[in-house]
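Encoded as structure tokens, the structure appears first; notes follow it.
The values are calculated or read from the model by the stated rules, or taken from the named source; none is laboratory data. Keep in mind the model is a prediction, meaning the values are calculated, not measured. We place every Cβ from the backbone using ideal geometry, glycine too, and count neighbours over all the protein chains shown. Note: accessible area is taken over every heavy atom of the protein model, side chains too, but ligands, DNA and RNA are not part of it. Shrake-Rupley method; radii C 1.70, N 1.55, O 1.52, S 1.80 Å.
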There are 2 protein chains.
Amino acid sequence: MHTRAFVQRSRSYDSDEHERGAGACEWCEYALVITLATILLIGVSALTVFWVFFYREGYAWADDIPEKQFNLHPTLMVAGFITFSGFSVLLYRICRCFRRIYVKLLHAIFHALAFPCIVIGFLAVLDYHNKKGINNFYSLHSWIGFVAMGLFGLQYAVGFFSFLLLLICNKGTAGFRASLVPVHAAFGILTFVLGVAACLTGLTEKAIFTLGSDTYASMSQEAIVMNAIGMSVVAVAVLVLYTVRGTGGYRLRPAAQHPS
Amino acid sequence: MHTRAFVQRSRSYDSDEHERGAGACEWCEYALVITLATILLIGVSALTVFWVFFYREGYAWADDIPEKQFNLHPTLMVAGFITFSGFSVLLYRICRCFRRIYVKLLHAIFHALAFPCIVIGFLAVLDYHNKKGINNFYSLHSWIGFVAMGLFGLQYAVGFFSFLLLLICNKGTAGFRASLVPVHAAFGILTFVLGVAACLTGLTEKAIFTLGSDTYASMSQEAIVMNAIGMSVVAVAVLVLYTVRGTGGYRLRPAAQHPS
């Protein structure tokens, strides 16, 4: 009885969230989110590549030009943690009308694209630090990034094993897999949010280290471009968190309290 | 028919999320979250005050010691955007067994405590910049913080007017208020996440500006304390996002698909 009374009070708090079904409005929102997400997710990586070529002299992996090697780090990390991971998360949440196995494979493929980006992006900065004699893992950025990378690896291994490999024994593992879904989803969003935080703190570090505090404070062209990359990352985070929120339209949940 | 088929497929994706009721496990989780949240939310502000007194010579508002005036900025912003806002968001989501008006008032009071912190914290850094002849609003940190402050003010004004003042005409405004709840909640979480991002980028800036890149890279005591503040902010963000996720235990939603 106690639980039931609690539930009824709780229900009244957000009745408007529960009582709506899937309508035309939701399909408009759906189309808008897909369009905006595609523009932002590709845009943020494109802007990073533009910044590196236009202001930071492009890429390389050579002992005499470590700065060009460093440029691989922001580019690949933004591609891995933001663009590919963002697409992967959004596709899983949005493509509900596809067959489930295809959605899972798309989700795994996009994360498989993110994986080498993150590994090479990490090795690029590690090698750059060693070449320049700079300590590793001293900054808040690196601590956040380290946790994000660890979680990413763990999530990929657990996800691949549990949701793809265990399909060999489909029926026997159904209960285990179902119980793992919310854990995988929660840690996936956590990994994404940590990736975003790592990008923002990393961009702040890079802006101050490279431009110097005076040039940064004078709002040079490059400073504005770097801030714009950061704000695009924020916009992507907002869009992804909005899409994966539990009570959103894309779950197209039935109006459960009012069976029709 | 099309919508119905879509809904059934969708339901199978997250059946495990829908089909659980409120059990003992959820009450344990509930107690754990409250305890952890209290420790972290108070802890992050306490750690910031400790850092300022132990390493940054405390507080002041005087022309000859602008650095001490700057110290008000991180302390008050962490208090406003993290501690008070965090408590406010968590209390609203957790205290479902209280009368609704009391929960609303608690939510409004905690945000009312955050309000002067954010205003004075903002004026402190603005005045510090002007005294030192530093440009305002050039960094990614300031851009993110500016949006966060704007959203905070807007949310407070809209929330106070809609959910407290409009209670004068309770019945007439019920529909309008109900439709505003999800918008207010979504923008509230967005404001909180932007506040977190502003704190992390701000801490990164402060660490590099104050310690210098060499001392920061050598992992001095102060560098570790500053990184610890940042990681505590991350932990708070994780806890808050976990608690406000739509499919969480604290909504104690009925097992809607299986009427008992």
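Worth a mention:
- Difference of contour (0.36 nm per residue) and Cα-Cα distance, B:ASN135 to B:LEU165: 6.8 nm
- Other residues whose C-beta falls under 12 angstrom from the C-beta of A:LYS131 contribute a net charge of -2, scoring Lys and Arg +1 and Asp and Glu -1.
- Taken residue by residue and averaged, Cβ atoms of other chains lying within 10 Å of the Cβ of B:198-206 number 5.
- Using a 7 Å Cα-to-Cβ projection, A:ILE65 label spacings across copies, nm, ascending: 5.1
- Region B:24-246 - Rg over Rh from alpha carbon coordinates, Kirkwood radius: 1.01
- Of all complete DSSP H helices in chain B, those with a Cα span along the helix axis of 24 Å or greater and a mean Kyte-Doolittle hydropathy of 1.6 or more are B:24-55, B:221-244.
- Cα-based Rg / Dmax (Å) for region A:56-174: 17.5, 57
- Calculation over all alpha carbon pairs of region A:183-243 in 10 angstrom steps from 0 returns a P(r) of 21, 43, 23, 11, 2 percent.
- Across peptide A:208-218, the mean count of Cβ atoms from other chains lying within 10 Å of each residue's own Cβ comes to 3.
- Cα-based Rg and Dmax for region A:17-123, where Dmax is the largest Cα-Cα distance (Å): 17.8, 63
- Cα shape, the protein assembly as shown, gyration tensor, a/c 1.5 rule: oblate
- Long-range amide H partners of B:ALA60 with built H, under 5 Å: B:GLN69, B:LEU72
- If you wrap the tightest convex hull around every Cα atom of region B:78-139 and split its volume per residue, you get 74 Å³.
- A run of chain A free of exposed loop cleavage sites, with trypsin sites (Lys or Arg not before Pro) counted only in DSSP states other than H, G, I, E and B and at most 13 other beta carbons within 10 Å, reaches its longest extent at A:1-98.
- Length gained when the stretch B:PHE98-B:CYS28 is fully extended (0.36 nm per residue, less Cα-Cα span): 23.3 nm
- For B:PHE137, residues with placed amide H under 5 Å, excluding near neighbours: none
- Candidates per chymotrypsin sites (Phe, Trp or Tyr not before Pro) in region B:123-224, loop by DSSP, up to 16 other Cβ within 10 Å: B:PHE137
- What separates the B:TRP27 label point from its copies, with the point 7 Å along Cα to Cβ, is 4.7 nm, written shortest first.
- A:ALA62 paired with A:LEU106, simple spin-label distance in nm, labels 7 Å along Cα-to-beta-carbon: 4.2 nm
- Take each residue in B:137-148, count the other chain C-beta atoms within 10 Å of its C-beta, and the mean is 5.
- Taking 28 Å as the straight-line reach from the Cα of A:LYS104, the lysines in range (excluding those fewer than 8 positions away in the same chain) are A:LYS171.
- Solvent-accessible surface ranking, highest first, for A:LEU140, A:LEU113 at 1.4 angstrom: A:LEU113, A:LEU140
- Position A:TYR242: other-copy label points at 2.7 nm, ordered by increasing distance, label point 7 Å along Cα→C-beta.
- Phi angles of region B:56-68 translate, via the Karplus equation with coefficients 6.51, -1.76, 1.60 and θ = phi - 60°, into HN-Hα couplings of 10, 6, x, 10, 6, 9, 8, 5, 7, 10, x, 4, 5 Hz per residue; Gly and Pro are given as x.
- Comparing A:ALA198, A:ALA31, A:ALA60 in a Gaussian network model of chain A, where Cα atoms under 10 Å apart are tied by springs, the biggest mean-square fluctuation is seen for A:ALA31.
- Solvent exposure, largest accessible area first (probe 1.4 Å, DNA, RNA and ligands not counted), of A:ILE144, A:ILE101, A:ILE224: A:ILE224, A:ILE101, A:ILE144
- Relative contact order of chain B, defined on C-alpha pairs under 8 angstrom at six or more residues apart (%): 29 percent
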